[in-house]
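First up is the structure itself, then whatever we jot down about it.
The values are calculated or read from the model by the stated rules, or taken from the named source; none is laboratory data. Keep in mind the model is a prediction, meaning the values are calculated, not measured. Note that we place each Cβ from the backbone using ideal geometry, even for glycine, and neighbour counts take in every protein chain shown. Just so you know, the surface numbers come from the protein's heavy atoms only, side chains and all, with ligands and any DNA or RNA stripped out. Shrake-Rupley method; radii C 1.70, N 1.55, O 1.52, S 1.80 Å.
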Amino acid sequence: MTEQKIQGAGRGGMDTGARGRTTIADGVVEKIAGMATRDVEGVHAMGSGLSRTFGAMRDRVPGGGTASVTRGVKAEVGEKQAALDLEIVVEYGVSIADVARDVRENVITAVERMTGLEVVEVNIAVSDVKLPDEEEEEPERRIQ
């Protein structure tokens, strides 16, 4: 088997590349990575303080809340590889190194499993620490 057929082989060894092409938008990878990041214990929020503030306002506008999943996530997607930059806020008292490792592993696993892309890097910037006595920037809605 040639190297090209191995790379293009899908389930059952079929060369699926000969039947069409699949492209994955940056936004798709950003959503997957955002959800995978939020699943990690110790992650309080995503994005910088400014982006969280604007996001909170955008979430209150009807139809404007779709960007909250991708807040703090930037992806570059190629044909076979993806690279991600994440900006997170961690809970006070957690090991930042452990949270970053867990986020990186969870994001790589989720993106690679769902897209088939190879994740070549996940850069994580910790922009803040949520202290126990700090008030939430996004107050709870009074009306459900």
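The table for this structure:
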read-out: Qualifying positions in region 109-129 - open to solvent by 50 Å² or more (accessible area, probe 1.4 Å) and in a helix (DSSP H, G or I); value: Thr109, Glu112, Arg113, Met114
read-out: Subset of region 76-87 [of a type outside the set (Asp, Glu) and open to solvent by 50 Å² or more (accessible area, probe 1.4 Å)]; value: Lys80, Gln81
read-out: Residue under evaluation Val28, criteria (1) open to solvent by less than 60 Å² (accessible area, probe 1.4 Å); (2) assigned to a helix (DSSP H, G or I); (3) modelled with pLDDT of 95 or more, criterion not met; value: (1)
read-out: Residue among Val90, Val73, Val99 that alone is surrounded by 13 or more Cβ atoms within 10 Å (Cβ to Cβ), touching a His at 6+ places or on another chain (Cβ under 7 Å), at pLDDT 85 or above and closer than 20 Å to Val129 by Cβ; value: Val90
read-out: Any chance Thr66 is closer than 30 Å to Arg21 by Cβ, at pLDDT below 95 and among the polar types (S, T, N, Q); value: yes
